[in-house]
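Please treat every number below as a calculation from the coordinates, not as lab data. None of these values were measured; they are calculated from a predicted model. When we count neighbours, we look across all protein chains shown, and the Cβ atoms used for this are built from the backbone with ideal geometry, even at glycine.
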Ligand SMILES: [Fe+2]
Ligand SMILES: [Fe+2]
């Protein structure tokens, strides 16, 4: 099975937002957006990535790890939902979790606006493990893969982009990973925030996952195979050992998929494709946006050989 991973779309759509919507944290975010983000993030690049994933890479499924919007405006969610609906059979083939930009204010969290727009992509085959917030959800793919969606996004004060996984969700996810229906599958966890400190950030404190150590320990303890995230807009693959078994957890981010102009390709517009067969990750391909004429081209490939014991 091939799973595409896109993230941090930051779809821009400022269709007549009501003025009072800007009388809060969006004032800062809105100014930042107009000056910086509108130049670099492009929904045209997102559409190109989705077309490439579907038609050229032939992925079976697409996972989106948050920050679909900039300011959690209804117009941005509607635009992102329209783009996803263009993918053939999208409701069965797409999984979505929120990022901090999708929970931009307390009002957006309380109204569950994100969940209302993206509910078709957050269905669960194990609904009994959902907490009050609706997370985690769990989707089975083939007979041997489980995709688990977690929420690390929380509303934050001005100038903060931190995340946190609340205690109930942490315990429910641990119990879900222990369930016999899930335990023996290849387990993929989607979470927006990064699990280890991001070395390229000068403001890591204000954008970190507050309880990253606790979350990472729980994933390692429960033999999660792959954790995919966004938030840093930067390519990274990290491997850490499981705490009980002999396996490893790979933590992967491709970057922000919608970036159309960049200098450092590590921060360029990208997506990953994970090749999973017989309960093993065989290969990760990373594709980089080159131009609107060329589209995305393969930029990296990491293949993982099967360990064969010497006789
Ligand atoms: Fe982002
Ligand atoms: Fe983010």
query = Considering only DSSP beta bridges with both partners in the chain, what is the antiparallel share in %, to the nearest 5?
reply = 60
ask   = In terms of the ratio Rg/(2.2 N^0.38 Å) built on C-alpha atoms, what value belongs to the range 116-189?
value = 1.18
task = Compute the projected area of the convex hull of the Cα atoms of the range 2-303, averaged over all viewing directions, and report it in nm² to one decimal place.
result = 14.4
message = If I stretch the segment between residue 210 and residue 301 completely, what's the gain in nm (0.36 nm per residue apart, minus their alpha carbon distance), one decimal?
response = 29.6 nm
inquiry  = With a cut-off of 8 Å between alpha carbons and a minimum separation of six or more residues, what is the relative contact order of the chain in percent?
reply    = 19
key: Spin-label pair residue 277/residue 119, simplified geometry with 7 Å Cα→Cβ offset, distance in nm   = 4.0
query = Once label points are set 7 Å from the Cα along Cα→Cβ at both residue 92 and residue 261, what is their separation, rounded to one decimal in nm?
reply = 4.2
ask   = Is the shape of the range 259-303 best called rounded, prolate or oblate, per the rule: a/c under 1.5 gives rounded, else a/b larger than b/c gives prolate, else oblate, with a ≥ b ≥ c the square roots of the Cα gyration tensor eigenvalues?
value = prolate
ask   = Given springs between every Cα pair under 10 Å in a Gaussian network model of the chain, which of 70, 142, 211 has the largest fluctuation?
value = 142
ask   = Helix 74-85: angle to the longest alpha-carbon principal axis of the chain, degrees 0 to 90, nearest 10?
value = 40
request  = Relative to the longest principal axis of the C-alpha atoms of the chain, give the angle of the C-alpha long axis of helix 167-178, reported between 0 and 90° and rounded to the nearest 10°.
outcome  = 30
query = Going by alpha carbons, how many degrees (0 to 90, nearest 10) lie between the helix axis of 212-221 and the longest principal axis of the chain?
reply = 30
ask   = Between residue 110 and residue 55, what FRET efficiency follows from the Cβ-Cβ distance if R0 is 41 Å, with the result rounded to 0.05?
value = 0.55
ask   = Picking from 57, 252, 138, which is most flexible by a Gaussian network model of the chain using Cα springs under 10 Å?
value = 57
inquiry  = Can I get the semi-axes of the range 146-287's equivalent ellipsoid? Compute them from the C-alpha gyration tensor as square roots of 5 times the eigenvalues, in angstrom, largest first.
reply    = 25, 20, 12
inquiry  = Show me the three semi-axes of the equivalent ellipsoid for the range 206-297, from the C-alpha gyration tensor (sqrt of 5 times each eigenvalue), largest first, rounded to whole Å.
reply    = 28, 18, 8
remark   = With only helices counted (DSSP H, runs n ≥ 4, each -39500 (n - 2.57)), the per-residue ellipticity at 222 nm for the chain, to the nearest 500, works out to -6000 deg cm²/dmol
key: Kirkwood hydrodynamic radius of the range 1-154, Cα pairs, Å   = 16.1
key: FRET efficiency, residue 168 to residue 82 (Cβ-Cβ, R0 51 Å, nearest 0.05)   = 0.95
remark   = Packing-ranked peptide list from 188-195, 115-122, 256-263, highest mean Cβ count within 10 angstrom first, is 188-195, 256-263, 115-122
task = Specify the inter-centroid distance of the range 44-108 and the range 166-232, based on alpha-carbon positions, in whole Å.
result = 21
